[in-house]
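**Student:** Structure incoming, see below.
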Amino acid sequence: MDQRYLDPHVLASISNLELVAKTVVDGFISGLHRSPKFGFSQEFAEYRMYNEGDDLRFVDWNVYARTERTYIKRFKGETNSRLTLLLDGSKSMSYTSHSVTKMDYAKYLCASLAYMAHQQRDAAGVIVFDDEVREYVTPSSRAGQFRRTMYAIENAVPGNRTDFAKPFFHFLSTLRNTRGMAVVVSDFYEDPETVIKTIEPLRYRGNDVVLFHILDPQEVRPKFDGPVLLIDSETGQELETSPEYAVQEYRSKIDAHVAALRQKAQSAGLTYHLHTTDTPLDSALREFLMIRQGRS
């Protein structure tokens with residue numbers, strides 16, 4: 001697999017987010033195409049009855065002409081899953097210590113997952129949130145859905161403080177009984193117990209829930225040459241810190257935060273992964289694909 005297609009620094013040079021997604025997913029799939037564990041076959045398998053909301057591109061009109069019944073072509077590897085991407089658009093997502101912000105990285109990931117879902121004929125949508133729901137594209141497999149989803153992702157901008165309660169209540173209130181996947185992409189700057197208690201109810205509706213924790217390398221292992229004034233981008237709170245604090249006390253705090261989030265997520269039956277914005281996207285795509293194919 002050519003890691004160049006998955007390197008966030010390389011992707012930052014591509015201005016079109018849809019092209020970013022295609023570059024990432026095509027590069028990723030090319031390395032898995034012959035793997036017995038990861039199948040991407042779109043070979044025709046069977047028919048099923050048309051359901052309201054299905055993409056009309058897959059209707060077999062020849063069968064309809066003969067029988068006056070509407071059937072959809074199904075393909076091997078197709079599960080008709082529902083994917084809802086929940087993208088954190090809070091102000092803290094604008095932080096970066098290099099060429100890629102946390103929001104950039106989150107967009108690359110969400111766009112790539114949406115593109116992969118589109119290729120697999122899954123219904124996909126997105127919720128962009130900070131302390132309110134800023135954009136909601138309901139999961140669907142209808143014509144034009146991919147472009148609507150990509151538009152919402154591409155136009156997401158860092159806004160206010162994070163508040164998981166309103167967006168997730170909104171999601172639960174509009175959730176159908178159909179099982180699916182909910183993927184939350186955030187820097188999770190919130191108390192781990194609050195995060196998990198808010199997100200956990202999604203599991204009760206039969207969803208597989210994945211948390212992609214996005215942090216800048218400097219947030220995980222900061223390196224300062226001298227005293228630095230840190231400013232919280234969401235609250236404006238200031239903290240003057242030293243290299244010794246960054247190496248010792250801060251590192252122990254961020255490690256404890258990550259460990260608590262991972263442990264509480266796993267205890268609640270949620271999948272948790274930490275990614276820094278300088279790392280390739282393949283491990284996140286691999287995790288998504290394994291969970292998706294486990295639903296087949």
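**Student:** Restricting attention to segment 263-296, and to residues there that are part of a loop (DSSP other than H, G, I, E, B) and of a type outside the set (Gly, Ala, Ser), which single residue is modelled with the lowest pLDDT?
**Tutor:** Of the residues in segment 263-296, the ones part of a loop (DSSP other than H, G, I, E, B) are 268-270, 277-281, 295-296.
Now narrow it down to the ones that are of a type outside the set (Gly, Ala, Ser): 270, 277-281, 295.
Values: 270: 94, 277: 97, 278: 95, 279: 93, 280: 92, 281: 92, 295: 55.
Only one residue fits best here, namely 295.
**Student:** Could you tell me which numbered condition residue 144 fails, if it satisfies all but one of (1) out of contact with any Ser or Thr (no Cβ under 8 Å at 6 or more places or on another chain); (2) in contact (Cβ under 8 Å) with a residue 12 or more places away in the chain?
**Tutor:** With (1) out of contact with any Ser or Thr (no Cβ under 8 Å at 6 or more places or on another chain); (2) in contact (Cβ under 8 Å) with a residue 12 or more places away in the chain applied to residue 144, the lone miss is (2).
**Student:** Next question, about the same structure. Any residue at all in segment 128-137 that is crowded, with 22+ Cβ neighbours inside 10 Å, within 12 Å of the chain's Cα centre (by Cα) and either of a type in the set (A, V, I, L, M, F, W, C) or not assigned by TED's automatic domain parsing to the domain that holds residue 19 (or both)?
**Tutor:** Scanning segment 128-137, I find at least one residue that is crowded, with 22+ Cβ neighbours inside 10 Å, within 12 Å of the chain's Cα centre (by Cα) and either of a type in the set (A, V, I, L, M, F, W, C) or not assigned by TED's automatic domain parsing to the domain that holds residue 19 (or both), so the answer is yes.
**Student:** Follow-up question, since we're still on this one. I'd like to verify a number: residues in segment 89-134 that are among the charged types (D, E, K, R) and either in contact with a Gly (Cβ under 7 Å, 6 or more places away or on another chain) or within 12 Å of residue 159 (Cα to Cα) (or both), how many? Spell out the reasoning first.
**Tutor:** Within segment 89-134, the subset among the charged types (D, E, K, R) is 91, 102, 104, 107, 121-122, 130-132, 134.
Imposing the further condition that a residue be either in contact with a Gly (Cβ under 7 Å, 6 or more places away or on another chain) or within 12 Å of residue 159 (Cα to Cα) (or both) reduces the set to 91, 130-132, 134.
Matching residues across segment 89-134 total 5.
**Student:** Checking residue 219 against (1) surrounded by fewer than 23 Cβ atoms within 10 Å (Cβ to Cβ); (2) at pLDDT below 95; (3) under 24 Å from residue 17 (Cα atoms); (4) not β-branched (Val, Ile, Thr), which test does it fail?
**Tutor:** (3)
**Student:** Return the residues of segment 104-117 that are buried (at least 22 other Cβ atoms within 10 Å of the Cβ), out of contact with any Asp or Glu (no Cβ under 9 Å at 6 or more places or on another chain) and either farther than 20 Å from residue 20 by Cα or not aromatic (Phe, Trp, Tyr) (or both); say none if nothing qualifies.
**Tutor:** Those that are buried (at least 22 other Cβ atoms within 10 Å of the Cβ), out of contact with any Asp or Glu (no Cβ under 9 Å at 6 or more places or on another chain) and either farther than 20 Å from residue 20 by Cα or not aromatic (Phe, Trp, Tyr) (or both): 109, 110, 112, 113, 114, 117.
**Student:** Just give me the residues in segment 76-85 being in a strand (DSSP E or B) and modelled with pLDDT under 95, in sequence order.
**Tutor:** Taking segment 76-85 as the starting set, the residues that turn out to be in a strand (DSSP E or B) are 82-85.
Once the filter is applied, which keeps residues that are in a strand (DSSP E or B) and modelled with pLDDT under 95, segment 76-85 yields 82, 83, 84.
**Student:** Of the conditions (1) at pLDDT 90 or above; (2) closer than 27 Å to residue 148 by Cβ, residue 96 fails just one. Which one is it?
**Tutor:** Among (1) at pLDDT 90 or above; (2) closer than 27 Å to residue 148 by Cβ, the lone unmet condition for residue 96 is (2).
**Student:** Hey, another quick one. Just to verify a result, which residue in segment 244-289, among those that are surrounded by 17 or more Cβ atoms within 10 Å (Cβ to Cβ) and of a type in the set (Val, Ile, Thr), is farthest from residue 220 (Cα to Cα)?
**Tutor:** Result: 271.
**Student:** If we scan segment 125-137, do we find a residue that is out of contact with any Asp or Glu (no Cβ under 7 Å at 6 or more places or on another chain), modelled with pLDDT of 80 or more, in a helix (DSSP H, G or I) and closer than 19 Å to residue 212 by Cα?
**Tutor:** Among the residues of segment 125-137, not one is out of contact with any Asp or Glu (no Cβ under 7 Å at 6 or more places or on another chain), modelled with pLDDT of 80 or more, in a helix (DSSP H, G or I) and closer than 19 Å to residue 212 by Cα, which makes the answer no.
**Student:** Also, I was wondering about something else. List every residue pair whose Cβ atoms lie under 7 Å apart, where the two residues are 6 or more positions apart in sequence or sit on different chains, the first residue falls within segment 179-205 and is assigned by TED's automatic domain parsing to the domain that holds residue 87 and among the hydroxyl-bearing types (Ser, Thr, Tyr), and the second residue, located anywhere, is assigned to a helix (DSSP H, G or I) and modelled with pLDDT of 90 or more.
**Tutor:** The qualifying pairs are 189/92.
**Student:** Still on this structure, I have one more. Do we find that residue 204 is out of contact with any Gly (no Cβ under 9 Å at 6 or more places or on another chain), at pLDDT below 85 and either closer than 24 Å to residue 108 by Cα or not aliphatic (A, V, I, L, M) (or both) in this structure?
**Tutor:** Numbers: out of contact with any Gly (no Cβ under 9 Å at 6 or more places or on another chain): yes; at pLDDT below 85: yes; either closer than 24 Å to residue 108 by Cα or not aliphatic (A, V, I, L, M) (or both): yes.
The answer is yes for residue 204.
**Student:** For segment 147-165, which residues satisfy the criterion of being surrounded by fewer than 20 Cβ atoms within 10 Å (Cβ to Cβ), part of a helix (DSSP H, G or I) and either in contact with a strand residue (DSSP E or B) (Cβ under 9 Å, 6 or more places away or on another chain) or among the hydroxyl-bearing types (Ser, Thr, Tyr) (or both)?
**Tutor:** Scanning segment 147-165 gives 148, 151.
The values are calculated or read from the model by the stated rules, or taken from the named source; none is laboratory data. What you are looking at is a predicted structure, and each value in this text was computed from that prediction instead of being measured. Virtual Cβ from ideal backbone geometry, glycine too; neighbours counted across all protein chains shown.
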